[in-house]
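All of the numbers you see were taken from the coordinates with simple rules; none came from a lab. Since the model is a prediction, treat every value here as computed from it, not as a measurement. Cβ placement follows ideal geometry from the backbone for every residue including glycine, while neighbour counts extend to all protein chains displayed.
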Amino acid sequence: MTDWLYRHPTAFPSKKLHRLGLACNYGIDESGVRLAMERGVNVFLWTMKNKPFRAPLGEALHSRREQVAVIGYSTIGWFGWGVRQGAENLLKELKVDYLDVYLLGWLGITSAWTAATEKELVHLRESGKVRAIGCSIHNRERAGQLAASSPLDLLMIRYNAAHPGAERDIFPHVKDKKPSILAYTATRWGKLLKRPRGWDGPVMSAGDCYRFQLSSPHVDLALTGPASRAELEQNLDALEKGPLTPEEEKWIREFGKKVHG
């Protein structure tokens, strides 16, 4: 079970990480963050909506920096100077010497990925201010190209039972577990938690959604954004069941197709 719950992703080679990373975008409070830490969660996405993280994460970074991983999410960086400024802002906010991953949050279908952008990202990594570089991206074909030929260490991608297309467009381009894959939108914004019209079988729980993501051999980490302590505990309890059984995977894939329509 330890091998299931914890990994050493290539983007974080020196750290043993819980496979469920925490975001604070959807309402969890500071006590929920502390509970996550008590239960072993040690990967955190730092965004503009990070108030619940400030005290507990600050304490963890001060006392056990090498056991905690922070993914700094930046929405600026269309040009080389912006990439650098975004990283400097995050380092200042967190009061740390380095970011585990510096993640560009704006790389969509038409966003610029220029030589200057790439050069500055690599320079930040070489300087030690960030240990790994990555991006969040929905466009699967572009993500596949980046996986195959860019210097990125991590891709944050949409992957769930209703949107399994990464299995075709991205995962075949991941070689030797690089780049690491961080999956999000596990519940398809809640739609996978509701019974679709004409479906008589079981309905997925949020825990099932995360187990689906993490049962893929290509997915290193999954991102959860619980609204409460109760939701967080349910998700963590579900992961203790381990990977999906063949029977569970069969009905979940059928359910995902029905939800997708």
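Convex hull volume of the Cα atoms in segment 159-234, per residue, in Å³?
Convex hull of Cα atoms, per residue: 101 Å³.
How far is it, in nm, from the label point at Lys194 to the one at Gln85 when both lie 7 Å from their Cα along the line to the Cβ?
4.0
Of all DSSP beta bridges in the chain, what percent run antiparallel (nearest 5)?
That works out to approximately 10 percent antiparallel.
For Lys119, give me every one of the lysines with a C-alpha distance below 21 angstrom, ignoring sequence neighbours fewer than eight places off in its own chain.
Lys129, Lys178
At q = 0.07, 0.15 Å⁻¹, what log₁₀ I(q)/I(0) does the chain have when each alpha carbon counts as one equal point scatterer in the Debye sum?
Summing over Cα pairs of the chain leads to -0.23, -1.09.
What full-extension length gain, to one decimal in nm, is calculated for Glu141 and Tyr6 as 0.36 nm per residue of separation minus the Cα-Cα distance?
On the way: separation 135, 0.36 × 135 = 48.60 nm, distance 2.90 nm.
Between Glu141 and Tyr6, full extension yields an extra 45.7 nm.
Can you run phi through the Karplus equation (6.51, -1.76, 1.60; θ = phi - 60°) for segment 37-54 and list ³J(HN,Hα) in whole Hz, with x for Gly and Pro?
4, 4, 8, x, 5, 9, 10, 9, 8, 9, 10, 5, 9, 10, 3, x, 7, 3
Under the definition of Cα pairs under 8 Å and six or more residues apart, what whole-number percent is the relative contact order of segment 2-260? Walk me through the numbers on the way to the answer.
Details: 476 pairs, mean separation 52.0, N = 259.
Once divided by the residue count of segment 2-260, the mean separation gives 20 percent.
Counting other beta carbons within 10 Å of each residue's own, what order do Tyr102, Tyr184 fall into, fewest first?
Details: Tyr102 29, Tyr184 20.
Starting with the residue having the fewest Cβ neighbours, the order is Tyr184, Tyr102.
Roughly speaking, what is the stretch gain from Glu247 to Ala148, that is 0.36 nm per residue apart minus the C-alpha to C-alpha distance, in nm to one decimal? Mind dumping the intermediate values first?
Working: separation 99, 0.36 × 99 = 35.64 nm, distance 3.27 nm.
Gain in length upon complete extension: 32.4 nm.
Quickly work out the Arg168-to-Lys95 label distance, labels modelled 7 Å from Cα along the C-beta direction, and quote it in nm with one decimal.
Reported label-point gap for Lys95 and Arg168 is 5.0 nm.
Calculate for the chain the 222 nm mean residue ellipticity that helices alone would give, adding -39,500 (n - 2.57) per DSSP H run of length 4 or more and normalising by residue count, nearest 500 deg cm²/dmol.
Working: 10 runs with 101 residues, N = 261.
Dividing the helical sum by the residues of the chain leaves -11500 deg cm²/dmol.
Taking the Cβ of Lys51 as the centre, find all other residues whose Cβ is under 10 Å away and add up their charges (Lys, Arg: +1; Asp, Glu: -1).
The answer is 0.
Can you compute the FRET efficiency between Ala230 and Lys177 using 1/(1 + (r/R0)^6), with r the Cβ-Cβ distance and R0 = 30 Å? Round to the nearest 0.05. Spell out each step's value before the answer.
Details: r = 34 Å, r/R0 = 1.13.
Efficiency at R0 = 30 Å is approximately 0.35.
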